[in-house]
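One structure is given here, and the rest of the page talks about it.
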Amino acid sequence: MIKFTVAEFIKCQVKPEQIWVSLERRMHCGLGKCGHCKINDVYVCLEGPVFNYRRARDLID
Ligand code: FES
């Protein structure tokens with residue numbers, strides 16, 4: 001859903017630095033202990049859960 005929404009924003013010429021996404025649906029413990037939120041090397045619960053699209057681009061599936 002996020003990637004489709006972002007694609008629509010990009011089509012409407014919204015700049016990537018103006019787009020923020022929340023990846024909190026991946027979170028479980030919220031403390032950096034369970035690893036459930038980990039995407040690549042990023043712990044969403046520790047570094048987010050809200051990311052600028054420039055940063056989140058590689059995290060969105
Ligand atoms: S939610 Fe458990 S490590 Fe991030």
(request) Taking the Cα centre of the chain as origin, work out the dipole magnitude from +1 charges on Lys and Arg Cβ and -1 charges on Asp and Glu Cβ, in debye rounded to 20. (result) 40
(request) Starting at the first residue of the range 52-59, write each ³J(HN,Hα) from the Karplus equation 6.51 cos²θ - 1.76 cosθ + 1.60 with θ = phi - 60°, in whole Hz, x for Gly and Pro. (result) 5, 4, 4, 7, 7, 3, 7, 9
(request) Considering Cα pairs under 8 angstrom that are at least six residues apart, work out the relative contact order of the range 2-56 and quote it in whole percent. (result) 39
(message) Skipping prolines and chain starts, which residues have an amide H placed within reach, meaning under 5 Å, of the one on residue 19, given they are 5 or more residues away or on another chain?
(response) 53
(message) Restricting everything to alpha-carbon atoms, can you work out Rg to Rh for the chain with a Kirkwood hydrodynamic radius?
(response) 1.02
(message) Using only the alpha-carbon atoms, how far is helix 2-11 inclined from the longest principal axis of the chain? Give it as 0 to 90 degrees, nearest 10.
(response) 20
(message) Using only DSSP helix segments of four residues or longer, with each worth -39500 (n - 2.57), what per-residue ellipticity at 222 nm results for the chain after dividing by its residue count and rounding to 500?
(response) -6500 deg cm²/dmol
(request) Output ³J(HN,Hα) for the range 23-30: one whole-Hz value per residue in order, computed from phi by the Karplus curve 6.51 cos²θ - 1.76 cosθ + 1.60 with θ = phi - 60°, and x for Gly and Pro. (result) 10, 5, 4, 7, 7, 10, 7, x
(message) For the ranges 26-36, 9-19, what's the packing order if you count other beta-carbon atoms within 10 Å of each residue, average per peptide, and put the highest first?
(response) 26-36, 9-19
(message) Please list 3J(HN,Hα) in residue order for the range 36-48, calculated via the Karplus relation 6.51 cos²θ - 1.76 cosθ + 1.60 where θ = phi - 60°; whole Hz, with x for glycine and proline.
(response) 4, 8, 5, 10, 6, 9, 9, 8, 4, 5, 8, 9, x
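Values quoted throughout were computed directly from the atomic coordinates according to the rules given, and no laboratory measurement underlies them. Here the structure is a predicted model, which is why all the values come from computation and not from measurement. Note: ideal-geometry Cβ built from the backbone for every residue, glycine included; neighbour counts use all protein chains shown.
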